[in-house]
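Right, one structure below, let's go through it.
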Amino acid sequence: MTTASINWFRFASPASFFPLAGRLIPWFATSAAILAAVALWLGFAVAPTDATQGEAYRIIFIHVPAAWMSMFIYLVMAFWCAMSLTLNTRLAAMMAQALAPTGALFTFLALWTGALWGKPTWGTYWAWDARMTSELILLFLYFGYMALRHAIDDPRRADRASAVLALVGAVNVPIIYFSVKWWNTLHQGATVSLTTAPKMAAVMLTGMLVMAFAAWFYSIAMALMRVRAIILEREKHTNWVADAARQRAQ
Amino acid sequence: MTPLDAVIAEAPPPAGAWGGIAWSASRDLKLALRSKAELGVLLLFYVIVVTLFPLGVGPEPALLRALGPGVLWVASLLASLLSLPRLLASDFADGTLEQIALSPFPLPALIAGKIAAHWTSTGLPLAVVSPLLGLQFGLRGDELVVLAVALLLGTPTLSLLGAIGAALTLGVRAGGGLLALLVLPLYVPILIFGAGAVEAVCVGLGAGSQLSLLAAALLAAGVGAPVATAAAVRIALE
C-alpha cells in the first residue's frame, strides 16, 4: 500500500469513528437549526397565501421534507446494511441501527402532518391515497426492522438478520408503491390528487428545499449521536472505551 | 491409478441444485402427509375466517359480492402466515436444519424444495377450496376460475416471501407476532394484484394484466427468496 492513497477504512473502526462523530455532531446540528429557522421564516413570513388552499398549505414546509427523508433514510439504511453484509464491518451495521428510529420518526411525521393537512383541504384526515398508503407500509417496514433487531439478543446476529430484512424491504418498497398506486386508480374517483397540484411559487419551493436540507442535517446529527451511544454500548469491554471514560471522569 | 484417483472415483457424484430441490421437497411432503390433521386445521382456519365476514358485515348479497375477493385473499394471507412457523421452526428446533445446511447440496436449493413442499401442503389446498367459498360470496363462473388461478399463482409467492421472515425469526423471542410484522407488509402487492384480478373480472375487465403481474412476482420471488432465506438460515445457525 502506497502512502499516497487515502485509507478510507480508517474510520470503519468504531474506535476511530467515535471521536470523529463527536466532532461532526455540533456542525450538523448547528446547520440544521439555522436552516430550519430560515425555512420556517421563508414558509411563514415570506411565502404568499395559497390561492386555493389558504394558509393550511403551509404545513407543506414540514410535510414534504419529512416524506422525502422517510424514503431517503430507508435507502441509506439499506445501503449500510448491504455494506455490513458484504464487507462485514461492524460500524456499517451500527449506522443502519442508528438511522432506523430517525427514519421511522420522519415517516410518522409525514403521515401525521399529512392527516392535519388533509382535514382542511380534502375534508378528511385519511384517504387511501397511494402515497399515504405506501408511506404507512413504509412505517411498518421500519417497525419490523427495529422489532427484529430488538428481538435478537446477540448483536452480531441482530446486525445480519436485520440487514437481510432491510434489503428485502428496499427491493419491495418500489413494488409496494406501484402496486398501491395502481390499486388506488382502480378503486377511487373523487379524491383530490396531490400530483395535479397547481404550479408552485419559487419561494415555496425554496422554503421546502431549505427545510429538506435542515431535515437531512438533523438526521445526520441524530444518527451520529445515536451511533456514538451504540458504539459505547457495544464496545464497552474494550480498552479504548475504558480509557475514554477515565479521561471523561478526570 | 494413484490413491488420489481412487478416492475421486469412489466419491459420490457432485450434488446438484435440482437433486437438492427434489430431495428436500419429497422429504417435507412426506412429513406433511404424516400429519394430515395439521393441514386440516389450517384449511378449517381458512374456511372459518372467511365465514366470519358475512356474520360481521351482514348477509346483503351485493355487499358480499363486492367484499368477496378481498376477504378470500386476506384470509389466504392469514392462513399462509399461520402456516409459516412449520416451514423451518421444527427442523431448527431438533437440529435437522443444521444437518441440512451441512449437506453437499446447495442450501438455496434445499430451501426452495422445502418452500415448494410447504406450498403444496398449504397454499394448494386453499386455492382448491376457494371457489367453493367464493360461491358463498355470490361470485360466479369466470370469477371463480380467476379466483382459483390467482390463488394458484399468488400463494407460492406468499410461501416464498414468508420463508424469508420465517428464517429471520428462527429461535427469536416473540416469534409469532414479529413474523406477522415482518411478512405482512411484504404481502401487500400480492394482495392487491390477487384481489384485483377477481374484481377486474367482476366489473367486466379482463384479469390478464393482474395475473401476469402475479406470475412476474412469482418468478422474481422464486429466484430471490430461496437465496435470501438461505442467507437468513445461515445467520440463524451461526
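FYI, it's all coordinate maths here, none of it is from the lab. Because the structure is predicted, anything quoted here is derived from the model rather than measured. We place every Cβ from the backbone using ideal geometry, glycine too, and count neighbours over all the protein chains shown.
Can you compute the helix-only [θ] at 222 nm over chain A? Use -39500 (n - 2.57) per DSSP H run of at least 4 residues, normalise by all residues, nearest 500 deg cm²/dmol. Provide the component values of the computation, followed by the final result.
Numbers: 7 runs with 188 residues, N = 250.
The helix-only estimate for chain A comes to -27000 deg cm²/dmol at 222 nm.
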For this session: May I ask you to evaluate 6.51 cos²θ - 1.76 cosθ + 1.60, the Karplus curve with θ = phi - 60°, for each residue of the stretch A:241-250 and list the ³J(HN,Hα) values in order in whole Hz, giving x for glycine and proline?
Result: 5, 4, 4, 4, 5, 5, 4, 4, 5, 6
Problem set entry | Cα long-axis angle, helix A:60-87 against chain A (0 to 90 degrees, to the nearest 10) | 30 degrees
Problem set entry | Average beta carbon contacts from partner chains per residue of B:203-216, 10 Å cutoff | 1
Problem set entry | Computed over the stretch B:17-237: relative contact order in percent, which uses C-alpha pairs under 8 Å that are six or more apart | 27 percent
For this session: Using per-residue counts of other Cβ atoms within 10 Å, averaged over each peptide, order A:119-130, B:126-137, A:209-220, B:105-116 from highest down.
Result: B:105-116, A:209-220, B:126-137, A:119-130
Seminar exercise, completed: Proxy exposure order for A:R160, B:R86 (fewest C-beta within 10 Å first) is B:R86, A:R160
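State, as an integer percentage, the relative contact order of chain A based on alpha-carbon contacts under 8 Å between residues 6 or more apart.
35 percent
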Exercise. Convex hull over the Cα atoms of the stretch B:1-132, averaged projected area in nm²?
Worked result: 10.4 nm²
For this session: Could you compute the FRET efficiency for B:A216 and A:F143, with r as their C-beta to C-beta distance and R0 at 22 Å, rounded to 0.05?
Result: 0.20
Exercise. Dividing the Cα radius of gyration by the Kirkwood radius, what Rg/Rh value follows for the stretch A:80-151?
Worked result: 1.14
Exercise. Based on Cα positions only, what radius of gyration and what Dmax would you give for the stretch B:17-237, in angstroms?
Worked result: 17.6, 58
For this session: Could you tell me which of rounded, prolate or oblate describes the stretch B:72-183, using a ≥ b ≥ c as the square roots of the eigenvalues of the alpha-carbon gyration tensor, with rounded for a/c under 1.5 and, failing that, prolate when a/b is larger than b/c and oblate otherwise?
Result: prolate
Exercise. If the cut-off is a Cα-Cα distance under 18 Å, which aspartates and glutamates reach A:K236, setting aside same-chain residues fewer than 8 apart in sequence?
Worked result: A:D153, A:D154, A:D159
Seminar exercise, completed: Averaged over the residues of A:138-144, the number of partner chain Cβ atoms within 10 Å of each residue's own Cβ comes to 4
Exercise. Dipole of chain B, Cα-centred, from +1 at each Lys and Arg C-beta and -1 at each Asp and Glu C-beta, to the nearest 20 debye?
Worked result: 300 debye
Seminar exercise, completed: What the Cα atoms of the protein assembly as shown span along the principal axes, largest first and in whole Å, is 76, 68, 39
Seminar exercise, completed: Everything considered on the Cα gyration tensor (a ≥ b ≥ c; rounded for a/c under 1.5, else prolate if a/b is larger than b/c, else oblate), the stretch A:20-175 must be described as oblate
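Based on the alpha-carbon gyration tensor of the stretch B:162-223 and its eigenvalue square roots a ≥ b ≥ c, which shape applies: rounded if a/c is under 1.5, prolate if not and a/b is larger than b/c, or oblate? Working shown, then result.
Values: a/c = 5.86, a/b = 2.29, b/c = 2.56.
Because a/c hits 1.5 or more and a/b fails to exceed b/c, the stretch B:162-223 counts as oblate.
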Exercise. Among B:95-103, B:149-157, what's the highest-first ranking by average C-beta atoms within 10 angstrom per residue?
Worked result: B:149-157, B:95-103
Seminar exercise, completed: For peptide B:176-188, the mean count of other chain Cβ atoms within 10 Å per residue Cβ is 5
